[in-house]
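Q: Please see the structure below; I have some questions.
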Amino acid sequence: MIFGLSNFSYATSFVAAIMILLFDYLFAFAVVGFGGLFRNIKSQPLGLALGGLAAGFGRFVCHFISGVTVWGGFAEDMPAWLYSIVYNGAYMLPETIILMVGAVIVGLIIDFRSPRLSAVKKDNNT
């Protein structure tokens, strides 16, 4: 947020500044905590991937709301909602895919469910 303080200069009102603060920064990164919703799924890599999907989708929703309410004025000939989907989707979709792939890879290597972080034990029956 410190590096993005210049974004507040684009706010056309106090409400717009609050929307930027909440939906581009606070809420957008608070929803990343939803990534833990799937920790009890039997397959750890699947649970981590679904958590990454939930976190990425939650961030997209927050940025979409901000895009429609604050940044829609930059849309020119496009409806604000479409501009927000295209702009935010252009970076959130690849970011979410990279996050999910990384989560699966890490989930295959590290066992987060053991009392102490350790390598995933290979099943001798497979």
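The values are calculated or read from the model by the stated rules, or taken from the named source; none is laboratory data. All values reported here derive from a predicted model rather than from experimental measurement. Heads up, the Cβs are rebuilt from the backbone with ideal geometry, glycines too, and the neighbour counts pull from every protein chain shown. Only protein heavy atoms, including side chains, enter the accessible area calculation; ligands, DNA and RNA are left aside. Shrake-Rupley method; radii C 1.70, N 1.55, O 1.52, S 1.80 Å.
Q: Which one of the conditions (1) in contact with a helix residue (DSSP H, G or I) (Cβ under 8 Å, 6 or more places away or on another chain); (2) modelled with pLDDT under 95; (3) not in a loop (DSSP other than H, G, I, E, B) does residue 9 fail to meet, given that it meets all the rest?
A: Result: residue 9 fails condition (1) only.
Q: Examine the range 111-125 for a residue that is part of a helix (DSSP H, G or I) and either free of Cβ contacts under 8 Å to residues at least 60 places away in the same chain or surrounded by fewer than 15 Cβ atoms within 10 Å (Cβ to Cβ) (or both), and state whether such a residue exists.
A: no
Q: OK, next. Within the range 71-93, track down each residue that is surrounded by fewer than 11 Cβ atoms within 10 Å (Cβ to Cβ) and under 22 Å from the mean Cα position of the chain (by Cα).
A: 90 - this is the single residue of the range 71-93 that is surrounded by fewer than 11 Cβ atoms within 10 Å (Cβ to Cβ) and under 22 Å from the mean Cα position of the chain (by Cα).
Q: Is one or more of the residues making up the range 18-40 at pLDDT 90 or above, basic (Lys, Arg) and within 19 Å of residue 110 (Cα to Cα)?
A: No, because not a single residue in the range 18-40 is at pLDDT 90 or above, basic (Lys, Arg) and within 19 Å of residue 110 (Cα to Cα).
Q: If I filter the range 47-55 for residues that are touching a residue at least 40 places away in the same chain (Cβ under 8 Å) and within 19 Å of residue 18 (Cα to Cα), do I get at least one hit?
A: No - not one qualifying residue is present in the range 47-55.
Every residue, every condition in (1) touching a strand residue (DSSP E or B) at 6+ places or on another chain (Cβ under 9 Å); (2) aliphatic (A, V, I, L, M); (3) on the phi > 0 side of the Ramachandran plot; (4) free of Cβ contacts under 8 Å to residues at least 12 places away in the same chain, yes or no:
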site: 15; (1), (2), (3), (4): no, yes, no, yes
site: 38; (1), (2), (3), (4): no, no, no, no
site: 74; (1), (2), (3), (4): no, no, no, yes
site: 77; (1), (2), (3), (4): no, no, no, yes
site: 100; (1), (2), (3), (4): no, yes, no, no
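Q: Using the structure shown, decide if residue 101 is in a helix (DSSP H, G or I) and open to solvent by 60 Å² or more (accessible area, probe 1.4 Å).
A: yes
Q: Here are the criteria: (1) open to solvent by less than 50 Å² (accessible area, probe 1.4 Å); (2) closer than 19 Å to residue 24 by Cβ; (3) at pLDDT 95 or above. Tell me which single one residue 67 does not satisfy.
A: (3)
Q: Another one. Considering only the range 1-59, state which residues are open to solvent by 50 Å² or more (accessible area, probe 1.4 Å) and among the basic types (Lys, Arg).
A: Matches in the range 1-59: 39, 42.
Condition check ((1) among the polar types (S, T, N, Q); (2) part of a loop (DSSP other than H, G, I, E, B); (3) closer than 24 Å to residue 94 by Cβ) across all residues:
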| position | (1), (2), (3) |
| --- | --- |
| 16 | no, no, no |
| 19 | no, no, no |
| 25 | no, no, yes |
| 29 | no, no, yes |
| 34 | no, no, yes |
| 41 | no, yes, no |
| 49 | no, no, yes |
